[in-house]
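The values are calculated or read from the model by the stated rules, or taken from the named source; none is laboratory data. Being a predicted model, the structure only gives us computed values, none of them experimental. Positions of Cβ are backbone-derived with ideal geometry, glycine not excepted, and every protein chain shown enters the neighbour counts. In case anyone asks, the SASA skips ligands and DNA or RNA and just uses the protein heavy atoms, side chains included. Shrake-Rupley method; radii C 1.70, N 1.55, O 1.52, S 1.80 Å.
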Amino acid sequence: MKRDNETPKALTLQEVADLVDGGAEGDPAGPIRGAAPFESARPDQITFAAQPKFLKALAATGAGAVLVPDGFQGPSDKPLVRTKYPQAAFAKVLARFHPPHRPGWMGSAAGISPSAHIGGNFSAGDNAAVAPFAVIGDDATLGKNAVIHPHAVIGDGVVMGDDVVVGPNVFIGDGCRIGDRVTIQAGSVIGSDGFGWAPEGSGWRKIPHTGIVRIEDDVEIGAGNAIDRGTFGETLIRRGVRTDNLVHVAHNVTVGEDTLLVAQVGIAGSTTIGRHSILAGQVGVSGHLTIGDNVTIGPQAGIGKSIDDGEVISGAPGIPHRVWLRVQRIIPMLPEIKKTVDALEKRLKRMDDNG
Amino acid sequence: MKRDNETPKALTLQEVADLVDGGAEGDPAGPIRGAAPFESARPDQITFAAQPKFLKALAATGAGAVLVPDGFQGPSDKPLVRTKYPQAAFAKVLARFHPPHRPGWMGSAAGISPSAHIGGNFSAGDNAAVAPFAVIGDDATLGKNAVIHPHAVIGDGVVMGDDVVVGPNVFIGDGCRIGDRVTIQAGSVIGSDGFGWAPEGSGWRKIPHTGIVRIEDDVEIGAGNAIDRGTFGETLIRRGVRTDNLVHVAHNVTVGEDTLLVAQVGIAGSTTIGRHSILAGQVGVSGHLTIGDNVTIGPQAGIGKSIDDGEVISGAPGIPHRVWLRVQRIIPMLPEIKKTVDALEKRLKRMDDNG
Amino acid sequence: MKRDNETPKALTLQEVADLVDGGAEGDPAGPIRGAAPFESARPDQITFAAQPKFLKALAATGAGAVLVPDGFQGPSDKPLVRTKYPQAAFAKVLARFHPPHRPGWMGSAAGISPSAHIGGNFSAGDNAAVAPFAVIGDDATLGKNAVIHPHAVIGDGVVMGDDVVVGPNVFIGDGCRIGDRVTIQAGSVIGSDGFGWAPEGSGWRKIPHTGIVRIEDDVEIGAGNAIDRGTFGETLIRRGVRTDNLVHVAHNVTVGEDTLLVAQVGIAGSTTIGRHSILAGQVGVSGHLTIGDNVTIGPQAGIGKSIDDGEVISGAPGIPHRVWLRVQRIIPMLPEIKKTVDALEKRLKRMDDNG
């Protein structure tokens, strides 16, 4: 969501420290009026330094103060705020200066637009906002502070928690369950029928999809995703999952807590992905697999086998990343290797003949 | 589409057999009230067993009866229904117990919502339903029992057959033709302009797309697809084709009868795909190729050459699957192979020097 | 966009030549009433021939006249129009005979539909058209001849140039900037939040996205794209860029003038792509890279390193195309090569033992 440009009240360094649960050191020239990247920050802004190359060069930023790790030892003539997670603290300060933008269609206060279509037996929490032309089915429930953007379609019997944001042109299918603090970006589809077809002669009979999609708390779904409902039971997106754009999640998949699915990832049916794993862009995972916790899968990898906790996998088919690094150096040499092998064979044959 | 949870009238085993054109054997404790997977079925539900591992263990399911292949020989203390395609029969029984859900926006009967936008010279068959905020262009025709979901946009001159379901936020471009019993899931685009650009100096001039998309009968298009219209003539999706989510089909492609396109497949312009073929997830096919009938292409394969009927292809570039299986075992060994070859070369050189 | 089938006024060969800035030779039987492909053109239509195989066989087309390159030497009994870019000229003539279709919802003239939602402080240029159920935020500006299709959502403060077409179900986020003569096809999302997450314990804190997407003049965005706004600053789509369907462009990417992004391409954050480059279907590019001008990247290539101007790259990881052509011939031979190497090793060992 775009943030307003109005600049909220400036902060003292101590107020920043309190906000990010950190410790202030030194005395900036003036109040902090914003947050900006290391290279472009101005004296009235704060930035962050987490990696050594930035921590070694604090003088190089124009920022009036810097968020640094608790353990930072180096010298600094810059005012500092020591905190456990400097980048997260930076995000927190940035959000403080860029509060969520109130969409123009909302007018002066939240509420249900008279030009929305609202089904029967509808209930919404305090301060819920439903945009013009949004369509909400029968027996749907929105929590507090829900924001339903224009042209979102919420199916019958959908139940959502508090502080949910449903973007423009999003569809949430009948009966799906959405937790608290979930954001679904524009154009995503939650609860499409899965790709389930039973062979019948030369054709295919559709297997009815009687399940749902359940999205737990603190999830963000990117733009243009498609997440299928379960054939039976649930497709489950666990707490803290984040997906990028154009991600496909098939029926009865489970994605574990705090796992990141980068753009254009595709996960086939009934596969389970563990906690705090990262699937890089365009990764494809076959069906009925188990991917462990804290797994990292490199871009475009093709995963056809289950993966244990903590593994780092790359390539198609996926192999340990350290092996892949060596393999990918060899691949361009293959024509030379082939030549060498042919030559060796010839020479040995000659030796035999002469032997 | 989600199905209702109301449970329709229970069935006797003989009624199930009649429904699936099979033969009943044995006498279940009570009537059949539903259908469920082998592992989770209850005594008042029927399941199916098609693979040996299930057929050998019929006692292991809690189901009150089991759909099995006609030819099943093994012993069974379970009531059975013998039928030609047990899984398809299972899908049929499941559909019987989960009839399509009538969307809340439809109210007590089908009809054209007064808050839809309907163009001039519109005609619709009996029992057609058009949702609030759907937009239908001029000279459009819907068949019997059409269901046009909210925010669908149907272009001018679009003609659809009977029993068509157009999901939320779907766009069907001007002049496209849709057959009978076609379902298009949420967010898909049918009839976008293709990617056709004529070089003009350092830039590109758009080639007008004057063609259409024709979708034949009994097709299901997944969520978030993009199917381009022909530059001239048609992009053709033949009878019985099924596409998964986020599939791209370029201008003037033909996809043959009963072919499956799995999620995130992309097919470039003017390629023809045969009948009853399966393209697995994330497959990419270049333009102006001919892919035969009964072809299977493995996940993420990259297809740059035409493929004959019945071939099984994997890898990028695509090669016969049986070769790919061996190749993918060798790839991780490449660093070792390289070492061995280098060592062999050194030793031969030494022999020469000493010779 | 579909074009009308009404055929506008026929053209003499000289009128065609004037239109495409070319020279007419010969005298067609009658006026030119359309443009069609080489194989299917009729005597009252013009076609084009650019490649030798067509130029050598001009007699083979049924067309009444042919657009050929200025330098064409060969004999011809066909009336010709010599021009610098025959295919672009063909596209120009085709567009002349297929003017843009006026959508039925527009009625007899452009204008703002009374059933659109228009925010405060809205301004639109002459002849702008806004469809039923389109939603336009506060402080938005449309240029002349803008066409905003049904269910498009234009955010607050969006500013667009002249002759912009925004397709059905498109979302353009708050504050984005769109140039002149830009077309955005159905279902695309411009200005989604990027995928930016700061680690915070086992979870992730969202980095607010305070930037925008800027699209310069003469750009066409395909269907179902997702283009993220900048975290800070801009995601920049430069003049003349064309994207195909289902393309992902992450935050703070720059795509250079006249570059083509083919279907399902994904570009990670902060990467810069040069001018007049072509990324083929399903290519993935990692973040923070620099891809040069006039670069060509083959289908499904995986790009993890920056690329110099003019290079032609294929494979994953990407390598020079000429090397890739040889490598891909070797890959299927790997099992045989492995066997040979093993045999050679055995034989040498035997020689040693006998030595």
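On the basis of being surrounded by 24 or more Cβ atoms within 10 Å (Cβ to Cβ), at the interface with chain B (Cβ under 7 Å from one of its Cβ atoms) and farther than 24 Å from A:THR243 by Cβ, does A:PHE133 make the cut? In short, yes. Within region A:181-227, the residues that satisfy the criterion of being of a type in the set (Lys, Arg) and more than 9 Å from chain B (Cβ to nearest Cβ) are A:ARG181, A:ARG214. Restricting attention to region C:19-78, which residues are more than 26 Å from the chain's Cα centre (by Cα), open to solvent by less than 50 Å² (accessible area, probe 1.4 Å), touching a residue at least 60 places away in the same chain (Cβ under 8 Å) and under 23 Å from B:HIS209 (Cα atoms)? Once the filter is applied, which keeps residues that are more than 26 Å from the chain's Cα centre (by Cα), open to solvent by less than 50 Å² (accessible area, probe 1.4 Å), touching a residue at least 60 places away in the same chain (Cβ under 8 Å) and under 23 Å from B:HIS209 (Cα atoms), region C:19-78 yields only C:ILE32. Of all the numbered requirements in (1) within 20 Å of A:GLU15 (Cβ to Cβ); (2) modelled with pLDDT of 95 or more; (3) assigned to a loop (DSSP other than H, G, I, E, B), A:ALA95 misses one, and that requirement is (3).
Considering A:SER108, A:SER123, which residue is more than 25 Å from A:LYS9 (Cβ to Cβ), surrounded by fewer than 17 Cβ atoms within 10 Å (Cβ to Cβ) and either hydroxyl-bearing (Ser, Thr, Tyr) or outside the structural domain of A:ASN169 (by TED's automatic domain parsing) (or both)? I'd like the intermediate steps shown before the answer.
Details: A:SER108 fails: more than 25 Å from A:LYS9 (Cβ to Cβ).
Just a single option satisfies the conditions, and that option is A:SER123.
Of everything listed in (1) part of a helix (DSSP H, G or I); (2) in contact with a His (Cβ under 7 Å, 6 or more places away or on another chain), the single unmet condition for A:PHE90 is (2).
If you scan region A:267-287, which residues turn out to be basic (Lys, Arg) and touching a strand residue (DSSP E or B) at 6+ places or on another chain (Cβ under 7 Å)?
Filtering region A:267-287 down to residues basic (Lys, Arg) leaves A:275.
Answer for region A:267-287, where residues must be basic (Lys, Arg) and touching a strand residue (DSSP E or B) at 6+ places or on another chain (Cβ under 7 Å): there is none.
Selection of region B:208-242 for residues being aliphatic (A, V, I, L, M), assigned to a loop (DSSP other than H, G, I, E, B) and touching a Lys or Arg at 6+ places or on another chain (Cβ under 6 Å) yields an empty set. Filter region A:280-324 down to the residues that are over 26 Å from C:GLN264 (Cα atoms) and either at the interface with another protein chain (Cβ under 9 Å from one of its Cβ atoms) or of a type outside the set (Gly, Ala, Ser) (or both) and list them by number. Answer for region A:280-324, where residues must be over 26 Å from C:GLN264 (Cα atoms) and either at the interface with another protein chain (Cβ under 9 Å from one of its Cβ atoms) or of a type outside the set (Gly, Ala, Ser) (or both): A:THR290, A:ASP293, A:ASN294, A:ILE307, A:ASP308, A:ASP309, A:GLU311, A:PRO320, A:ARG322, A:VAL323.
Per this entry, B:VAL93 is counted among residues that are touching a Phe, Trp or Tyr at 6+ places or on another chain (Cβ under 9 Å), crowded, with 19+ Cβ neighbours inside 10 Å and more than 20 Å from A:ASP228 (Cα to Cα). C:GLY194 meets all of the listed conditions (1) open to solvent by 10 Å² or more (accessible area, probe 1.4 Å); (2) not in a strand (DSSP E or B) but one, namely (1).
For region A:283-334, give me each residue that is of a type outside the set (A, V, I, L, M, F, W, C) and open to solvent by less than 20 Å² (accessible area, probe 1.4 Å). I'd like the intermediate steps shown before the answer.
Kept after step one, since they are of a type outside the set (A, V, I, L, M, F, W, C), are these residues of region A:283-334: A:284, A:286-288, A:290, A:292-294, A:296, A:298-300, A:302, A:304-306, A:308-311, A:314-315, A:317-318, A:320-322, A:326, A:328-329, A:332.
Within region A:283-334, A:GLY284, A:GLY292, A:GLY298, A:GLY302, A:SER314, A:GLY315 meet the criteria.
Within region A:230-241, residues that are closer than 14 Å to A:GLY194 by Cα reach partners that are open to solvent by 50 Å² or more (accessible area, probe 1.4 Å) and of a type in the set (Gly, Ala, Ser) with beta carbons closer than 9 Å, at six or more positions or on different chains, in the pairs A:PHE232/B:SER40; A:GLY233/B:SER40.
Return the residues of region C:251-268 that are away from chain B (no Cβ under 12 Å) and either open to solvent by less than 10 Å² (accessible area, probe 1.4 Å) or of a type in the set (Asp, Glu) (or both); say none if nothing qualifies.
Applying the first criterion (away from chain B (no Cβ under 12 Å)) to region C:251-268 yields C:251-255, C:267-268.
Selection gives C:VAL253, C:VAL255, C:ILE267.
Scanning region A:335-355 for residues that are more than 10 Å from chain B (Cβ to nearest Cβ) and either in a loop (DSSP other than H, G, I, E, B) or open to solvent by less than 70 Å² (accessible area, probe 1.4 Å) (or both) gives A:PRO335, A:ASP342, A:GLY355.
Within region B:233-240, is there a residue that is within 14 Å of chain A (Cβ to nearest Cβ) and under 20 Å from A:ALA223 (Cβ atoms)? Spell out the reasoning first.
Let us first name the residues in region B:233-240 that are within 14 Å of chain A (Cβ to nearest Cβ), namely B:238-240.
From the residues that got through so far, the ones that are under 20 Å from A:ALA223 (Cβ atoms) too are none.
The answer is no, given that none of the residues of region B:233-240 is within 14 Å of chain A (Cβ to nearest Cβ) and under 20 Å from A:ALA223 (Cβ atoms).
Filtering region A:136-157 to residues that are facing another protein chain (nearest Cβ under 10 Å) and not in a strand (DSSP E or B) leaves A:GLY137, A:ASP138, A:ASP139, A:ALA140, A:HIS149, A:PRO150, A:HIS151, A:ALA152, A:GLY155, A:ASP156, A:GLY157. Condition test on C:HIS288, is it at pLDDT 95 or above and in contact with a His (Cβ under 7 Å, 6 or more places away or on another chain)? It is false that C:HIS288 is at pLDDT 95 or above and in contact with a His (Cβ under 7 Å, 6 or more places away or on another chain).
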